[in-house]
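Q: Quick one: structure below, then a few questions.
A short reminder: the numbers here are calculations on the coordinates, not readings from a lab. All of these numbers come straight from a predicted model, not from anything done at the bench. Cβ placement follows ideal geometry from the backbone for every residue including glycine, while neighbour counts extend to all protein chains displayed.
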């Protein structure tokens with residue numbers, strides 16, 4: 001009756017080449033984030049006028065910025081901020097959005113009308129604009145940016161969860177569960193959530209990539225991780241101030257963002273294809 005992601009066979013995922021590549025790259029990025037203090041050859045906050053604007057070399061693999069800080073070390077430490085924020089924000093948004101969407105789709109009536117109007121209101125704003133407004137209201141900072149991006153993503157998850165719940169709500173096994181006296185909470189956790197988990201997981205992987213991109217954008221605008229703590233966004237911002245003197249911060253941080261976003265997109269495509277095959281079977 002109810003489909004579960006836990007039944008997805010692992011060998012099938014391992015035979016998906018892009019999925020395997022994406023998982024390997026993400027594992028490497030996670031290890032870099034966790035072991036940044038060990039892997040970084042220099043202190044990412046250490047400044048030296050004598051070392052400013054150096055080209056890549058054996059001592060400084062990605063060169064140095066205008067303050068003489070090692071770009072390679074700063075990119076390694078920036079992996080922490082980007083991955084943590086890029087993961088936490090969509091997960092929080094998925095939890096809140098799914099709760100709202102399931103309530104609206106399952107119970108209908110007044111809860112559905114109220115939640116749908118709230119979703120429509122928030123959906124009027126692009127996620128970047130909504131994130132900027134919330135981040136500006138809360139003030140700059142890492143956790144403020146987490147809250148801003150989570151709020152920006154909530155209506156997207158709520159709409160998907162509502163649409164999926166409406167579809168599942170009409171299934172005969174839901175009507176049978178109600179007929180035998182099962183509580184609403186039991187039906188939701190045992191039948192509704194497992195059946196809508198597929199599209200939510202796919203969207204979650206794709207929105208992690210979006211969150212990393214938006215984190216870089218908002219940090220670039222000064223609304224995210226605050227200097228001197230490194231994040232990929234403020235590394236690019238610092239590099240832009242000295243573009244012709246040392247382009248290496250922009251190149252290195254831009255390449256890191258591109259690789260990470262592409263990897264999560266590949267993972268999302270692989271998960272979507274895998275779930276489509278499972279539904280066909």
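Q: Give, in whole angstrom and from largest to smallest, the semi-axes √(5λ) of the equivalent ellipsoid of the chain, with λ running over the eigenvalues of the Cα gyration tensor.
A: Semi-axes from the Cα gyration tensor: 42, 22, 12 Å.
Q: Continuing with this model, one more query. Provide Rg and Dmax in Å for the stretch 91-133, with only Cα atoms included in the calculation.
A: 11.5, 33
Q: Let me check against my output: what whole-number percent is the relative contact order of the chain, with C-alpha pairs under 8 Å and at least 6 apart?
A: Once normalised by length, the contact order is 26 percent.
Q: Rounded to whole Å and ordered largest first, report the semi-axes of the equivalent ellipsoid of the stretch 165-209 derived from its Cα gyration tensor (root of 5λ).
A: Ellipsoid half-lengths, sorted descending, are 26, 10, 6 Å.
Q: A further question on this structure: Identify which of 256, 137, 36 has the largest mean-square fluctuation in a Gaussian network model of the chain, with springs joining Cα atoms closer than 10 Å.
A: Result: 137 has the largest fluctuation of those listed.
Q: Could you work out the helix-only [θ] at 222 nm for the chain, with each DSSP H run of four or more residues adding -39,500 (n - 2.57) and the total divided by the number of residues, to the nearest 500 deg cm²/dmol?
A: -24000 deg cm²/dmol
Q: Here's something else I'd like to know. Per the Kirkwood treatment, what hydrodynamic radius in Å, one decimal, follows for the stretch 97-167 from the mean inverse distance over all distinct Cα pairs?
A: Across the stretch 97-167, the inverse of the average 1/r is 12.4 Å.
Q: Which of 230, 199, 172 ends up with the largest GNM mean-square fluctuation for the chain, with Cα atoms connected below 10 Å?
A: Looking only at 230, 199, 172, the largest GNM fluctuation is found for 172.
Q: What angle do you read, to the nearest 10 degrees and between 0 and 90, between the alpha-carbon axis of helix 248-280 and the longest principal axis of the chain?
A: 20
Q: Next up: Which ordering of 232, 61, 248, 143 is given by a fewest-first count of other beta-carbon atoms within 10 Å?
A: 143, 61, 248, 232
Q: Something else: Grab the alpha carbons of the stretch 13-118, take their convex hull, and tell me the volume per residue in Å³.
A: Value for the stretch 13-118: 171 Å³ per residue.
Q: Turning to a different aspect of this structure: Where is the GNM fluctuation largest for the chain (alpha-carbon springs, 10 angstrom cutoff): 185, 73, 164?
A: Highest fluctuation of the listed residues: 185.
Q: Determine the equivalent ellipsoid of the stretch 149-276 by diagonalising the alpha-carbon gyration tensor, then write out the semi-axes as square roots of 5 times the eigenvalues, largest first, rounded to whole Å.
A: With the √(5λ) rule applied to the stretch 149-276, the semi-axes are 44, 15, 9 Å.
Q: May I pose another question? Can you tell me the Rg and Dmax of the stretch 68-186, counting just the alpha carbons, in angstroms?
A: 18.9, 71
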